[in-house]
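Everything on this sheet refers to the single structure shown next.
Read the figures in this text as sums done on the coordinates, not as results from a lab. If you're wondering where the values come from, they're calculated on a predicted model, not measured in any experiment. Note that we place each Cβ from the backbone using ideal geometry, even for glycine, and neighbour counts take in every protein chain shown.
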Amino acid sequence: MVGDRKLYVALALVALLSTAGLMISGGSENPSKSFIGVCVRAEKSYSILFNSTHTLLVPKPLEVGVVYTVVGSIKRTENSLRISGRYSVSPSPLRPAWLEELDGAYWSVEGRHYLLTPEWVELGKPLGVQKGSFVEVFGVKYGSKFYPVDVLRAESPSRTLRNGMPALIAGTVLGTFGANNRVVLWNGSEKLYVYLPHGHYLKRGLRVEILGRVRVTSRVNVYVDDINDVRKLGYPIAVPINRTSIGTIGEGRCLVLRVMRSGLVVNCTNLKLKGVWARAGDVLDVRALNTGSSLVCLECSVALPREALPNGICSFHEGDFSKVSGRVEWVKRYSNGFGLANVTSGNCWVLLKLPKSLGVEVEEGTVVTAYGVFTTYRDKPAFQVNSGDDVCSGNC
């Protein structure tokens with residue numbers, strides 16, 4: 001009896017091992033009875049399942065990214081496994097232990113889908129989550145692609161700037177650099193350099209929200225792969241021009257004090273004004289963007305030309321900008337080229353300073369109009385201009 005029992009146990013063990021061998025998804029030369037794998041390719045007449053080790057050809061269309069259980073006679077061919085005879089196939093309720101877990105940000109470019117880890121991992125199918133979302137997925141690597149099976153966790157796109165990862169960024173367009181599709185964005189604390197798709201641009205002063213890929217070098221670069229990832233939020237509410245900060249729009253009326261190559265010096269702000277042509281003495285209506293280093297006109301126009309300014313020759317106040325007009329009583333030119341002209345109107349007079357660099361000559365008896373700043377010369381009232389264009393002799 002003891003010998004029979006030992007023989008029975010031995011036979012049962014052999015039978016169990018044989019059954020296990022039949023269930024290993026094609027790992028044996030003998031036909032297997034079941035296979036669990038992820039669909040990694042689906043055509044009209046066949047599909048391919050993969051279990052991280054072997055592939056199985058199934059003669060029917062299935063859904064990519066779904067785990068299936070196939071029951072039937074499964075035989076090994078030269079390159080893969082295939083079904084022989086009758087079989088059944090159904091979605092598997094279980095998550096196989098051989099599935100891989102990946103964390104990253106979901107991304108898509110021109111119809112192709114990726115997981116940024118920050119390495120680019122191409123996906124075999126799109127995820128049903130918002131582009132830029134940080135996700136945790138299970139799936140299997142087959143060929144050059146990762147086939148996601150299940151999304152365990154999905155978080156909204158991050159607003160944190162991380163090298164190689166997507167970020168959702170809001171800010172104001174300060175201008176461009178290099179080309180029209182390259183814009184400088186102010187996000188409230190720093191400048192970001194945004195590369196838009198070719199042929200697209202954004203207007204200066206516009207507030208936008210951008211979903212793009214971040215690359216950190218000596219500066220923060222943001223790459224936008226699809227113009228649909230840019231949302232226009234409109235323009236910020238304007239503030240008084242003397243109260244602007246970087247990224248804000250200022251409005252006001254300003255007097256041009258000086259014209260320089262780097263911009264206009266105006267009386268309403270310490271920043272230079274760019275993007276409009278004007279002369280010293282012109283009064284401007286200004287709507288401009290503070291870019292940090294200057295104010296750039298969005299809408300600027302001459303509200304009052306300098307010719308309309310009153311004659312201020314009798315209103316001397318050192319340091320004030322003014323227009324003076326009068327008759328030249330006398331002219332004196334020194335050996336170094338510096339000149340003085342006494343300009344008189346009624347009982348008022350000033351000494352018009354004429355440095356050689358101005359390239360201006362005036363003659364006695366002519367009427368002169370000048371635009372500049374009151375100053376003194378040897379304790380006498382004087383007037384200083386910054387350009388030859390600010391002195392007009394004769395019919396002005």
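For region 33-91, divide the Cα radius of gyration by the Kirkwood radius and give the resulting Rg/Rh value with two decimals. Across region 33-91, the Cα-based Rg/Rh ratio is 0.91.
Since only 166, 309, 92 are under comparison, the one whose Cα sits farthest along the positive direction of the charge dipole of the chain, derived from C-beta charges on Lys, Arg, Asp and Glu, is 92. Highest mobility in the GNM of the chain, judged by mean-square fluctuation with C-alpha springs under 10 Å and restricted to 375, 176, 77, is found for 77. When peptides 355-361, 51-57 are sorted by average Cβ neighbour count within 10 Å, with the highest value leading, the order is 51-57, 355-361.
When the chain is described by a simple charge dipole with +1 on each Lys and Arg Cβ and -1 on each Asp and Glu Cβ, the residue from 351, 157, 80 located farthest towards its positive end is 80.
The slack between residue 117 and residue 45, meaning 0.36 nm per residue of separation minus the straight C-alpha distance, is 22.4 nm. Around the amide H of residue 212, modelled in the peptide plane, lie the amide H atoms of 167, 169, all under 5 Å away and 5 or more residues distant in sequence or on another chain. A simple charge model with +1 on the Cβ of Lys and Arg, -1 on the Cβ of Asp and Glu and nothing else charged puts the dipole of the chain at about 660 debye relative to its Cα centre.
So if the hydrodynamic radius of region 100-157 is defined as the Kirkwood radius over C-alpha pairs, what does Stokes-Einstein give as its diffusion coefficient at 10 °C and 1.306 mPa s, in µm² per second? The Stokes-Einstein estimate is 145 µm²/s.
Within region 230-351, what percent of beta bridges assigned by DSSP are antiparallel, to the nearest 5? Restricted to region 230-351, the bridges split so that about 90 percent are antiparallel. Computed from backbone phi, the HN-Hα couplings of region 124-135 come to x, 7, x, 9, x, 10, 5, 4, x, 5, 8, 10 Hz, rounded to whole numbers (Karplus: 6.51 cos²θ - 1.76 cosθ + 1.60, θ = phi - 60°; Gly and Pro given as x).
Near residue 220, the amide H atoms lying under 5 Å from its own belong to 193; only residues 5 or more places off or on other chains count, and H is placed 1.01 Å from N. Which residue, 230, 197, 183, has the largest displacement toward the positive end of the dipole of region 165-233 when charges sit on each Cβ (Lys, Arg +1; Asp, Glu -1)? Among 230, 197, 183, the one farthest towards the positive end of the dipole of region 165-233 is 183. Couplings for region 333-342, taken from phi via the Karplus curve 6.51 cos²θ - 1.76 cosθ + 1.60 with θ = phi - 60°, read 10, 8, 5, 7, x, 6, x, 10, 10, 7 Hz in order; Gly and Pro are left as x. When peptides 331-344, 35-48 are sorted by average Cβ neighbour count within 10 Å, with the highest value leading, the order is 35-48, 331-344.
Taking 4 °C and 1.567 mPa s as conditions, region 309-393 diffuses translationally at an estimated 104 µm²/s according to Stokes-Einstein applied to its Kirkwood radius (Cα pairs).
A simple rule links phi to the HN-Hα coupling: the Karplus curve 6.51 cos²θ - 1.76 cosθ + 1.60 with θ = phi - 60°, which for region 148-158 gives x, 10, 8, 9, 7, 8, 9, 10, 4, x, 7 Hz, with x for Gly and Pro. Within the chain, what percent of beta bridges assigned by DSSP are antiparallel, to the nearest 5? Rounded to the nearest five, the antiparallel share is 90 percent. Estimated at 0.36 nm per residue, the fully extended path between residue 203 and residue 348 surpasses their Cα-Cα distance by 47.2 nm. Roughly how far apart, in whole Å, are the Cα centres of region 46-84 and region 246-293? Cα centroid to Cα centroid, the span is 72 Å.
Among the listed pairs 60/141; 33/141; 274/380; 203/323; 75/125, those whose Cα-Cα separation exceeds 27 Å are 274/380; 203/323; 75/125.
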